[in-house]
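Enquirer: This is the structure I have questions about; it appears just below.
The values are calculated or read from the model by the stated rules, or taken from the named source; none is laboratory data. Just so you know, these numbers come straight off a predicted model, no measurement behind them. No Cβ is skipped: glycine too gets one built from the backbone with ideal geometry, and neighbour counts run over all protein chains shown. Just so you know, the surface numbers come from the protein's heavy atoms only, side chains and all, with ligands and any DNA or RNA stripped out. Shrake-Rupley method; radii C 1.70, N 1.55, O 1.52, S 1.80 Å.
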Amino acid sequence: MDPWLIWLIVSVVLIVAEIFTLTAALGMLGVAALITAGSAAAGLSTPFQFLVFTVVSAVTLFFLRPVALRHLVQPQTQRFGVDALVGQAAYVLSEVTGREGRVRIGGEEWTARSYDETLVIPRGATVDVLEISGSTAFVYPRE
């Protein structure tokens with residue numbers, strides 16, 4: 001069997017294994033084996049094929065893999081659901097105390113409590129939503 005075909009088979013096996021592991025390491029080794037298959041097809045001797053595989057593997061694993069992982073593992077930039085309401089302004093519909101109250105957040109009515117239990121927030125005030133717990137918004141008056 002020709003050496004380029006062996007390298008090609010190794011490449012395919014590594015890339016397929018990468019699909020199941022999602023570590024990016026096996027994919028980089030598969031790319032290195034594919035490049036080595038090209039060098040074997042060009043007629044390089046076996047020691048030089050291993051040298052090509054080693055150099056390409058080292059470059060991809062130590063330099064390209066960290067960059068690829070940084071792009072894959074990014075923090076969530078957008079909040080969804082009730083988490084998106086935290087930090088928004090709300091309009092007080094009925095007096096808000098540490099025990100009860102109602103606010104309007106983005107067109108929806110919510111039960112509310114004052115974040116500071118000693119505060120009483122009058123009707124018509126604008127407040128900030130600091131936390132959502134269940135169906136209750138914990139609010140604090142805007143300064």
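Enquirer: Could you list, in sequence order, the residues of segment 94-116 that are open to solvent by less than 40 Å² (accessible area, probe 1.4 Å) and of a type outside the set (Phe, Trp, Tyr)?
Expert: If the condition is that a residue be open to solvent by less than 40 Å² (accessible area, probe 1.4 Å) and of a type outside the set (Phe, Trp, Tyr), then 96, 97, 98, 101, 103, 105, 112, 114 are the ones that fit.
Enquirer: Moving on. Does residue 137 qualify as being buried (at least 16 other Cβ atoms within 10 Å of the Cβ) and small (Gly, Ala, Ser)?
Expert: It is true that residue 137 is buried (at least 16 other Cβ atoms within 10 Å of the Cβ) and small (Gly, Ala, Ser).
Enquirer: Taking segment 62-103, which residues are charged (D, E, K, R) and closer than 12 Å to residue 114 by Cα?
Expert: Filtering segment 62-103 for residues charged (D, E, K, R) gives 65, 70, 79, 83, 95, 99-100, 102.
Selection gives 95, 99, 100, 102.
Enquirer: Which ones in segment 1-23 are farther than 23 Å from residue 72 by Cα and either within 25 Å of the chain's Cα centre (by Cα) or open to solvent by less than 30 Å² (accessible area, probe 1.4 Å) (or both)?
Expert: Selection gives 7 alone.
Enquirer: A follow-up question, please. When you go through 121, 132 one by one, which is the residue that is β-branched (Val, Ile, Thr) and within 31 Å of the chain's Cα centre (by Cα)?
Expert: The match here is 132.
Enquirer: Mind counting the residues in segment 24-62 that are within 17 Å of residue 12 (Cα to Cα), open to solvent by 50 Å² or more (accessible area, probe 1.4 Å) and within 36 Å of the chain's Cα centre (by Cα)?
Expert: Count: 3.
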